[in-house]
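The structure appears below as structure tokens.
The values are calculated or read from the model by the stated rules, or taken from the named source; none is laboratory data. Here the structure is a predicted model, which is why all the values come from computation and not from measurement. Don't worry about glycine lacking a Cβ; one is built from the backbone with ideal geometry, like all the others, and counts go over all protein chains shown.
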């Protein structure tokens, strides 16, 4: 069966460091991979989308990589700030618009 | 920037009662989704509309849940009767028609069934 695994439930890092979150998947061939941020009690907010034929995408302090051979995406936040503390969800989407979400990783950036 | 609207934000009900949630998507978005999110898990799709038509309701518990989008704009999700296990966050999202379009989520409705 299809499975999406995000590295750990929680990740704690020090302000200024780079946070790296992992999204692994099995039995799936996504055409797109998306990352969302979710704050407590609120809906997810879209951050980045990367296509299956793209290796890397950047937006300000965010960087996403996508390795279809390893079936893995890495999500990096450089120069992290306490305001980056949130849960980050990866989502895999097929060409027919079917999208599945991972359980998320809760990131805490300590000052 | 346009946002997806949802109401109510919070709902407390007793089991066996009926509840209804409303969603108004971003104008021009043909696709509307209802998701359920249990604490500590990712959102799970309940139903997807393309304009006024249901394109995927395979995970909707149809014995108690119903959804409609009569004019292809706003949508209502209903639960009747509510059960204790229905306690969760109910999220509405909208997007453009094509694959590769990201979801725009509303603030969600937090449901507690007592």
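Scan the stretch A:7-16 and give yes if some residue there is in a strand (DSSP E or B), within 14 Å of chain B (Cβ to nearest Cβ) and within 24 Å of residue B:99 (Cα to Cα), otherwise no. Break it down into steps so the answer makes sense when it comes.
Of all residues in the stretch A:7-16, those in a strand (DSSP E or B) come to A:10-14.
Filter once more, keeping what is within 14 Å of chain B (Cβ to nearest Cβ): A:10.
Adding the requirement that they be within 24 Å of residue B:99 (Cα to Cα) leaves none.
For the stretch A:7-16, residues in a strand (DSSP E or B), within 14 Å of chain B (Cβ to nearest Cβ) and within 24 Å of residue B:99 (Cα to Cα): absent.
Return the only residue of A:109, A:64 being assigned to a strand (DSSP E or B), over 13 Å from the mean Cα position of the chain (by Cα) and buried (at least 20 other Cβ atoms within 10 Å of the Cβ). First the steps, then the outcome.
On the way: A:64 fails: over 13 Å from the mean Cα position of the chain (by Cα).
Exactly one of A:109, A:64 is assigned to a strand (DSSP E or B), over 13 Å from the mean Cα position of the chain (by Cα) and buried (at least 20 other Cβ atoms within 10 Å of the Cβ), namely A:109.
Tell me which residues, restricted to the stretch B:23-43, are surrounded by fewer than 15 Cβ atoms within 10 Å (Cβ to Cβ) and under 15 Å from the mean Cα position of the chain (by Cα).
B:38, the sole residue that qualifies.
Name every residue in the stretch A:37-51 that is assigned to a loop (DSSP other than H, G, I, E, B), surrounded by 14 or more Cβ atoms within 10 Å (Cβ to Cβ) and either touching a strand residue (DSSP E or B) at 6+ places or on another chain (Cβ under 8 Å) or more than 7 Å from every other protein chain (Cβ to nearest Cβ) (or both), in order of residue number.
At the first step, the residues of the stretch A:37-51 found to be assigned to a loop (DSSP other than H, G, I, E, B) are A:39-44.
Filter again for surrounded by 14 or more Cβ atoms within 10 Å (Cβ to Cβ), leaving A:42-44.
The answer is A:43, A:44.
Here is a yes/no grid of residues against (1) surrounded by fewer than 15 Cβ atoms within 10 Å (Cβ to Cβ); (2) at pLDDT 95 or above; (3) within 10 Å of chain A (Cβ to nearest Cβ):
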residue: B:5; (1), (2), (3): yes, yes, no
residue: B:62; (1), (2), (3): yes, no, no
residue: B:65; (1), (2), (3): no, yes, no
residue: B:68; (1), (2), (3): yes, yes, no
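Results for (1) within 20 Å of residue A:42 (Cβ to Cβ); (2) more than 14 Å from chain A (Cβ to nearest Cβ); (3) surrounded by 14 or more Cβ atoms within 10 Å (Cβ to Cβ), shown as yes or no for each residue.
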site: B:84; (1), (2), (3): no, yes, no
site: B:92; (1), (2), (3): yes, no, yes
site: B:97; (1), (2), (3): no, no, no
site: B:109; (1), (2), (3): yes, no, yes
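Which residues, taken from the stretch A:76-106, are outside any strand (DSSP E or B), within 11 Å of chain B (Cβ to nearest Cβ) and in contact with a strand residue (DSSP E or B) (Cβ under 7 Å, 6 or more places away or on another chain)? Spell out the reasoning first.
Within the stretch A:76-106, the subset outside any strand (DSSP E or B) is A:78-85, A:94-98, A:102-104.
Still in the list and also within 11 Å of chain B (Cβ to nearest Cβ): A:94-98, A:102-104.
Listed by number, the residues that qualify are A:102, A:103, A:104.
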